[in-house]
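The values are calculated or read from the model by the stated rules, or taken from the named source; none is laboratory data. From a predicted model like this one, the values you see are computed outputs, not experimental measurements. Reconstructed Cβ throughout: ideal geometry from the backbone, glycine too, with neighbour counts over all protein chains shown. Heads up: the accessible areas ignore ligands, DNA and RNA and are worked out on the full protein's heavy atoms, side chains in. Shrake-Rupley method; radii C 1.70, N 1.55, O 1.52, S 1.80 Å.
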Amino acid sequence: MDAQSPFEALPAGPVRRLFESISQHDLDGMVACFAKDYVNETPIHPDRSFTGREQVRKNWSTILAGLRDLQPYVVRATTAPDGMVWVEWGQRGTRPDGVPVALAGVSIFTLDADAIAAVRFYLEPVERESGDVNANVHSIVGQIPATAAAGSASASGASVSSNASGDPVGGGRP
């Protein structure tokens, strides 16, 4: 592979061949990178995990048909001492209805001989308007951010004050 490859950060072998095949929309080339008993673990969405390269073929057939301009990119990659290949990557394309699609994340590849035996898959849609970090943290712990609570209470005419931690308290009408 020459130095101009967009996948030069990847080690030679099945992971690099996979990304090259994705870039060329070569479904057979992609499927050939995986072991027959390939295991896909999707820890964030456990119900999406699967076994077998036939599901790889099914998934990628649908993806390539629906995102005809799909292109992967690699941000960085490394090979761990245990031989696992860690790749921060993403892909961009456009749906037939014109909606752009962008995914980003990390995949951790386990190799067996010259095939991908398993992947821990963390690729997710990029959310351009998902709220700021404070709203997200409050959402995770089931709290309403102080500014939202204050705005809500003010709009209803209720009085709101904060405790020592800055959390809203009160809010009842007399």
Filter pass, residue 91 being among the polar types (S, T, N, Q), out of contact with any Asp or Glu (no Cβ under 9 Å at 6 or more places or on another chain) and touching a residue at least 60 places away in the same chain (Cβ under 8 Å): yes
What do you reckon, is residue 111 surrounded by 14 or more Cβ atoms within 10 Å (Cβ to Cβ), within 17 Å of residue 19 (Cβ to Cβ) and free of Cβ contacts under 8 Å to residues at least 60 places away in the same chain? no
Please find, among 90, 98, the residue that is modelled with pLDDT of 95 or more, under 22 Å from residue 27 (Cα atoms) and small (Gly, Ala, Ser). 90
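Would a scan of the stretch 138-149 turn up a residue that is more than 26 Å from residue 36 (Cβ to Cβ) and either at pLDDT 95 or above or touching a helix residue (DSSP H, G or I) at 6+ places or on another chain (Cβ under 7 Å) (or both)?
yes
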Evaluate the stretch 8-23: report whether one residue or more is modelled with pLDDT of 95 or more, in contact with a helix residue (DSSP H, G or I) (Cβ under 9 Å, 6 or more places away or on another chain) and surrounded by fewer than 18 Cβ atoms within 10 Å (Cβ to Cβ). no
Please go through the stretch 35-81 and give me each residue that is under 19 Å from the mean Cα position of the chain (by Cα), aliphatic (A, V, I, L, M), surrounded by fewer than 14 Cβ atoms within 10 Å (Cβ to Cβ) and not in a strand (DSSP E or B), ordered by number. 44
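So that you can scan it fast, the table gives a plain yes or no per residue for (1) of a type in the set (Asp, Glu); (2) within 19 Å of residue 104 (Cβ to Cβ):
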residue	(1), (2)
36	no, no
41	yes, yes
45	no, yes
50	no, no
56	no, no
62	no, no
67	no, yes
71	no, yes
74	no, yes
Within the stretch 114-135, can you find the residues that are open to solvent by 50 Å² or more (accessible area, probe 1.4 Å) and without any contact (Cβ under 8 Å) to a residue 24 or more places away in the chain? 127, 128, 129, 130, 131, 132, 133, 134
Yes or no: the stretch 95-102 includes at least one residue that is of a type outside the set (A, V, I, L, M, F, W, C) and closer than 19 Å to residue 17 by Cα. no
